[in-house]
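Presented below is the structure to which this report refers.
The values are calculated or read from the model by the stated rules, or taken from the named source; none is laboratory data. Here the structure is a predicted model, which is why all the values come from computation and not from measurement. Reconstructed Cβ throughout: ideal geometry from the backbone, glycine too, with neighbour counts over all protein chains shown.
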Amino acid sequence: MKAYLDNNRASKIDVQVMELMQQSLVEHYADPRARHADAIKSRTPLAQAYEKIKASIHAKDNDMVTIGSSVDELHCRLLISIYVNSVITGQKNQIILSASESDTVIETAEYIASQGCRITILPLNSDGVVDTDMLKQTITTKTALVSITMVDAQSGAIMAIDEASQICSEHGVPLHSDASHAIGKLPIDVQMLDIDYLTLSSETVHGPTGVAMLYIKEGIELPNLIQPNNNLVGIVGLGKALELAVDSQAFEMEDTRELRDALEESIREIEDHLIITPWALRTPNTLLVGFKDVSSDALVWELNRYGISVSGEKGRALTENTASDSIYKHTLVEFALSRYTSQEEMDYTIEKLKKSVEIIRTERAR
């Protein structure tokens with residue numbers, strides 16, 4: 001038997017998404033920007049896809065959505081655009097990011113910092129959540145952008161985006177959030193949240209790999225550094241995947257959570273473990289846990305022998321200020337379920353997880 005529990009990195013494509021993309025490959029191959037009849041035929045599925053994309057986040061008709069190959073690409077382009085538009089001109093001097101941003105985004109921010117922009121990284125608290133009090137202390141009218149991940153990719157921790165949005169509004173600072181691990185698991189309304197920019201990835205919602213989107217609120221103008229992507233088939237796949245993700249949200253929040261909770265309860269029976277982020281602060285599909293004297297590499301490998309796919313994580317939520325943080329620093333493993341995860345897979349995972357932890361601890365004790 002096999003169990004795929006690495007859905008926060010990438011998820012298998014939904015059959016309905018694949019079928020729609022295959023149809024577009026055959027029927028809508030013409031460039032929709034051209035003026036002939038075949039091009040006009042291609043515009044209909046493209047327009048429908050954009051409607052689904054905007055509907056999934058409750059965007060307005062006049063809001064802009066641009067497509068790229070990955071969230072990191074679009075996020076980094078956004079940072080550079082903000083730097084060119086606001087920092088080089090001398091209007092602003094600071095960009096604030098959450099510690100839960102990807103390594104690629106942090107590296108881009110470090111490059112911008114080397115060019116004279118002040119970069120502030122908001123730490124995560126002991127629950128793995130961004131410290132909004134730190135945001136209040138560091139934001140100023142000279143801040144060009146605040147970027148806070150909506151849900152942490154490792155722990156599933158849900159960030160206080162509504163509070164961050166209010167703080168940003170009070171200072172007149174635009175807010176960006178990456179919703180890749182929130183879409184389909186939490187309701188997202190960019191109008192209610194008053195978000196200026198939002199990114200999300202197709203591959204985390206059972207869509208095609210290599211497709212992501214950036215939402216830009218109506219009225220915002222940026223330098224022409226974010227070029228539109230004309231990947232019709234990819235956009236069609238993204239639109240359908242987002243539509244299905246939103247339609248399946250209730251299932252994720254109830255049935256998937258029930259399976260995840262069964263795994264969590266079984267883990268609580270294992271001695272010396274640490275679960276990152278309290279239950280109420282987490283998305284319904286994610287569990288980040290460490291086991292004393294069990295390295296993440298060893299556990300990932302041992303579970304892989306049984307056909308169970310999980311990810312070892314570096315544990316950025318650990319502050320290293322306590323003895324427990326030091327003990328569990330290199331032990332964290334993420335279990336990320338999806339709407340395709342079955343009860344049989346979960347029962348199998350629970351059995352093999354307990355066995356794997358015991359094997360590793362026994363070997364280590366020799």
Quiz item: Among the residues of the range 101-113 satisfying the criterion of being modelled with pLDDT of 95 or more and of a type in the set (Gly, Ala, Ser), which is surrounded by the most Cβ atoms within 10 Å (Cβ to Cβ)?
Solution: Ala109
Quiz item: Taking the range 180-219 only, how many residues are part of a loop (DSSP other than H, G, I, E, B) and either in contact (Cβ under 8 Å) with a residue 60 or more places away in the chain or on the phi > 0 side of the Ramachandran plot (or both)?
Solution: 21
Self-check item: Among the candidates Leu124, Leu79, residue that is under 18 Å from the mean Cα position of the chain (by Cα), outside the structural domain of Glu313 (by TED's automatic domain parsing) and either farther than 26 Å from Thr277 by Cβ or aromatic (Phe, Trp, Tyr) (or both)
Solution: Leu79
Exercise. Enumerate the strands (runs of 3 or more DSSP E) found wholly within the range 24-126, keeping only those where 1 or more residues are farther than 28 Å from Asn8 by Cα.
Key: 94-98, 118-122
Quiz item: Got a number for residues in the range 78-90 being without any contact (Cβ under 8 Å) to a residue 60 or more places away in the chain and more than 16 Å from Asp196 (Cβ to Cβ)?
Solution: 4
Exercise. State all residues of the range 91-107 that are of a type in the set (Val, Ile, Thr), within 18 Å of the chain's Cα centre (by Cα) and within 13 Å of Ile80 (Cβ to Cβ); if no residue qualifies, say none.
Key: Thr104, Val105
Practice problem: Tell me, yes or no, whether the range 284-303 has at least one residue that is in a helix (DSSP H, G or I), surrounded by 15 or more Cβ atoms within 10 Å (Cβ to Cβ) and among the polar types (S, T, N, Q). | Solution: yes
Quiz item: Out of all the residues in the range 304-351, which are part of a loop (DSSP other than H, G, I, E, B), among the β-branched types (Val, Ile, Thr) and at pLDDT 95 or above?
Solution: Val310, Thr341
Practice problem: Go through the range 243-269 residue by residue and tally those that are of a type in the set (Ser, Thr, Tyr), in a helix (DSSP H, G or I) and crowded, with 17+ Cβ neighbours inside 10 Å. | Solution: 1
Quiz item: Only one residue in Ser81, Ser69, Ser98 is out of contact with any Cys (no Cβ under 8 Å at 6 or more places or on another chain), crowded, with 20+ Cβ neighbours inside 10 Å and hydroxyl-bearing (Ser, Thr, Tyr), so which one is that?
Solution: Ser98
Practice problem: Name the one entry in Thr120, Thr140 that is surrounded by fewer than 17 Cβ atoms within 10 Å (Cβ to Cβ), among the hydroxyl-bearing types (Ser, Thr, Tyr), modelled with pLDDT of 95 or more and farther than 30 Å from Gly237 by Cβ. | Solution: Thr140
Quiz item: Of the residues in the range 166-192, how many are under 19 Å from the mean Cα position of the chain (by Cα) and either among the charged types (D, E, K, R) or buried (at least 20 other Cβ atoms within 10 Å of the Cβ) (or both)?
Solution: 14
Quiz prompt | Boolean, Ser155 is of a type in the set (Ser, Thr, Tyr), assigned by TED's automatic domain parsing to the domain that holds Thr204, modelled with pLDDT of 95 or more and crowded, with 23+ Cβ neighbours inside 10 Å | solution = no
Quiz prompt | In the range 139-167, residue nearest to Ser201 (Cα to Cα) [restricted to those that are among the charged types (D, E, K, R) and in contact with a strand residue (DSSP E or B) (Cβ under 9 Å, 6 or more places away or on another chain)] | solution = Asp152
Quiz prompt | Residues that are modelled with pLDDT of 95 or more and either of a type in the set (Phe, Trp, Tyr) or not assigned by TED's automatic domain parsing to the domain that holds Gln48 (or both), drawn from the range 19-33 | solution = none
Exercise. Kindly check whether there is at least one residue in the range 29-40 that is within 25 Å of the chain's Cα centre (by Cα) and either within 29 Å of Ile183 (Cα to Cα) or surrounded by fewer than 20 Cβ atoms within 10 Å (Cβ to Cβ) (or both).
Key: no
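Residues are listed down the side, and each one gets a yes or a no for (1) farther than 30 Å from Ser24 by Cα; (2) of a type in the set (D, E, K, R); (3) in contact with a Cys (Cβ under 9 Å, 6 or more places away or on another chain); (4) outside the structural domain of Thr66 (by TED's automatic domain parsing):
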{"site": "Gly219", "(1), (2), (3), (4)": "yes, no, no, no"}
{"site": "Glu264", "(1), (2), (3), (4)": "yes, yes, no, yes"}
{"site": "Glu271", "(1), (2), (3), (4)": "yes, yes, no, yes"}
{"site": "Thr277", "(1), (2), (3), (4)": "yes, no, no, yes"}
{"site": "Leu281", "(1), (2), (3), (4)": "yes, no, no, yes"}
{"site": "Val289", "(1), (2), (3), (4)": "yes, no, no, yes"}
{"site": "Ser295", "(1), (2), (3), (4)": "yes, no, no, yes"}
{"site": "Ala298", "(1), (2), (3), (4)": "yes, no, no, yes"}
